[in-house]
Structure formats: structure tokens, C-alpha cells
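Participant: After the C-alpha cells below, expect a handful of questions from me.
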Amino acid sequence: MKLKRVLTAALAVAVLTGSALAADPVEVGPQGGENAEKPVYEVNRRNDNASIRVWGTVKELGEKSVYIENSSDTDPYQKIVVKVSEDTAIIDAVTGTAKTFADLKEGETLYAYVSPAMTRSIPPQSVAELIICNVPADIGAPTYAQVEYVTAREGGGVSALVSGAMILHLDAATELLSYGGGAAPTLADIKPGAMVLSWYQIVALSYPGQAGPTKVMVFPYEYAGHISAQPGSLAVNGAPLSLTGGEVPFVQDGKLMLPVRKLAEALGCTVAWDAKNPTAVVVTKGGKSLYSLTIGGDTMVLEGDMAMSVAAPVTARSGVTFVCVDDLLVAHNVKLEHQSLFS
């Protein structure tokens, strides 16, 4: 599972179409209290996990592919060919141990999380990010999701809002597993952007749903960090940044603009002006160019000289350069915290 490959595909679409591949836009606006007077804006969270869960009985095993079918007439993916790549994780539903393609068997029930990019064939075909095998008939399969927001619990532990509108309550009693058999993770590894596989049987009848998993598998973290941003404030990896009056995020034409230097330096990058172009900004990390942009420009040049159309023009205010959060999420490969469903 390589998030960067997903981002590269998204950027390729952005270059071809002049806009970035996005999940459903998130509208943020007046919500009462101190946020009542803040203008509405949208964030196209382009680095969210967008895999689709499919399930069924294995009807046929092909060359690194699995044809599955289920009995639900209402399932849009009742029949599908699941392709297995070198990055596909295969997990035992009971033990959480890693399996291989050779362990899959005809006649067994599988759950798979596949890419939304599918062929138009009948049945459709898609590459799996995760396959869950050896699923007992009397026990549900574990659930794969991305962590959106984390908060500490009174008395210890954390509560994590994950994709799919579910809150997971974790504490010292929760067994934490590392995919690939590495060092056991800790609760500190449950952070926005982390992909987790959770075992639970009981879900509270609330919205969002709530569960206390007995076991959670944490996959390798693919982001450079996570940020929380809104008009007037910006935090990186949970730490609020100290901003001057001219550096605070603001809304412009329905887009949230962030100060490039403050965000980049908090992520360990260096920001400099291009000596040959006084309106060009270059951001590097570890001595390598990460991206460059021009004040007033409508493109951002990423590592490898790939140009990406930006969601909003690069803006300067009182000597501070601002770029739309949509574009910085991709340029820095960071996850945007999302807590609108958390209660």
C-alpha cells in the first residue's frame, strides 16, 4: 500500500484536466459560537483514503486475481475481479497474521478494499489495497479505515474518529498490532492519516457509531505529518503554530489560504526566494527541491518538474506568501484533520 502512488495518480489527473482529483468537498462555515462570523470555504481533501469495500465467495482464482460473488442483489459490486499487486496486504481475519496469495482458496468468503478506479468490463476489475481472508461465518470481518481525528480520553486512552463515521475507543487493554510484524505500535501511532484494521463486534447505536475494538492493526504511516487548519489558526502534528497578524490563514474566494513558510518550516523544510525570479518561492527538504511556485501564478511545480494546476492563485499579503490548503496537502503529503462528525 503506497499512498504516494495514489497521490501521483491524482496529480497526473490534475495535470491532464487542469484541476486536482478530489474527494467530496468539505464545506466549513458558520457553526455558532466563535465560528459564526467566519466565511464559508471548501477543502477538497485529495489525500483521503477512498478505497471501496467489496465482499463475496471466491468463485475462481486467476493469475494474481480473485473473482468473487455475493448473494446481495442490491450490492453494486455483487460480482467483481479483485486484482492482487505486490503492495496488496492480505490479512487473516481471526489472527491478524499476514498471508499470501497462495493462501487464498476457492469457496471461501473474502472481504477486500479496492481502488475506486475500475475497468468498465463485466464484471469490473480493480486492484486491492487490502484483502481479508479466513473469515468465520459467525464472526464479522475486521474493518479497515483511516483515522481522521484523535482526542484524549478521561482516565487514559484515546478516541479516534475514522472514515465511515465511526469512533473507536482505545485504551491500555486494546491489543495493538503492527502490519508486517514490526515493533508493536503504541496509542501515539493512532494519529490522523493512519490506516487501521479494527476488530469489534458491538457498535453503539449513535451517529457516528462507537465501538471499543479488542484489537487494532496499524499500517505503516505514509504521510509527512498531519495538520489542523481554519481561518485564524494552524497546527502541525497537534502543535499550534505561533502566528503574527499577517500570517494567519484566511478565506479567499471560498478557499482556505495558508502561510507557506510557517507550514513548510514546521514540517522540516526550507523556504527561499529564487535568485533569478524575485516572485518565485522554492521549498526544499533535505537539500532536495520539494516544490516551487510564483506569486500570482496558477501552477505549482513539484519534484520531478511536474506542473500541477493550483486550486487558487498563489497570493502575497504584507510580504507573506499564501497557498490554498488543497495544494499544500499534496505538495507536502500531509493529512488534514477532520473532526466535523466528532461528538
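Participant: Six or more apart or on different chains, Cβ under 9 Å: which pairs go from a residue in the range 160-174 that's more than 23 Å from A50 (Cα to Cα) to one that's surrounded by fewer than 14 Cβ atoms within 10 Å (Cβ to Cβ) and at pLDDT 95 or above? Could you list them?
Facilitator: Close Cβ pairs (under 9 Å, with a partner that is surrounded by fewer than 14 Cβ atoms within 10 Å (Cβ to Cβ) and at pLDDT 95 or above) amount to A173/T214; T174/T214.
Participant: Still on this model: Which of the numbered conditions does K288 fail, given that it passes all the others? Conditions: (1) open to solvent by less than 40 Å² (accessible area, probe 1.4 Å); (2) over 27 Å from P39 (Cβ atoms); (3) of a type in the set (K, R).
Facilitator: (1)
Participant: Next up: Every residue in the range 160-189 that is open to solvent by less than 70 Å² (accessible area, probe 1.4 Å), among the small types (G, A, S), under 23 Å from P208 (Cβ atoms) and outside any strand (DSSP E or B), please.
Facilitator: S163, A165
Participant: Something else: Give, as residue ranges, the strands (runs of 3 or more DSSP E) completely inside the range 40-146 that count at least 3 residues that are open to solvent by less than 30 Å² (accessible area, probe 1.4 Å) and either under 28 Å from L168 (Cα atoms) or in contact (Cβ under 8 Å) with a residue 40 or more places away in the chain (or both).
Facilitator: Ranges flagged: 52-61, 65-69, 79-83, 89-92, 109-114, 125-133.
Participant: When the range 213-228 is examined, which residues are found to be open to solvent by less than 50 Å² (accessible area, probe 1.4 Å) and of a type in the set (V, I, T)?
Facilitator: V216, V218, I227
Participant: Follow-up. With the structure loaded, tell me whether L197 is closer than 25 Å to I131 by Cβ and either touching a strand residue (DSSP E or B) at 6+ places or on another chain (Cβ under 6 Å) or surrounded by 20 or more Cβ atoms within 10 Å (Cβ to Cβ) (or both) or whether it fails that test.
Facilitator: Yes.
Participant: Which of the residues belonging to the range 287-325 are within 17 Å of V271 (Cβ to Cβ), free of Cβ contacts under 8 Å to residues at least 12 places away in the same chain and either of a type outside the set (V, I, T) or in contact with a Gly (Cβ under 6 Å, 6 or more places away or on another chain) (or both)?
Facilitator: G287
The values are calculated or read from the model by the stated rules, or taken from the named source; none is laboratory data. In this text the structure is predicted, and so the values were computed from the model without any measurement. Using ideal geometry, Cβ is built from the backbone for each residue, glycine included, and neighbour counts are taken over all protein chains shown. These accessible areas exclude ligands, DNA and RNA; they are computed on the full protein's heavy atoms, side chains included. Shrake-Rupley method; radii C 1.70, N 1.55, O 1.52, S 1.80 Å.
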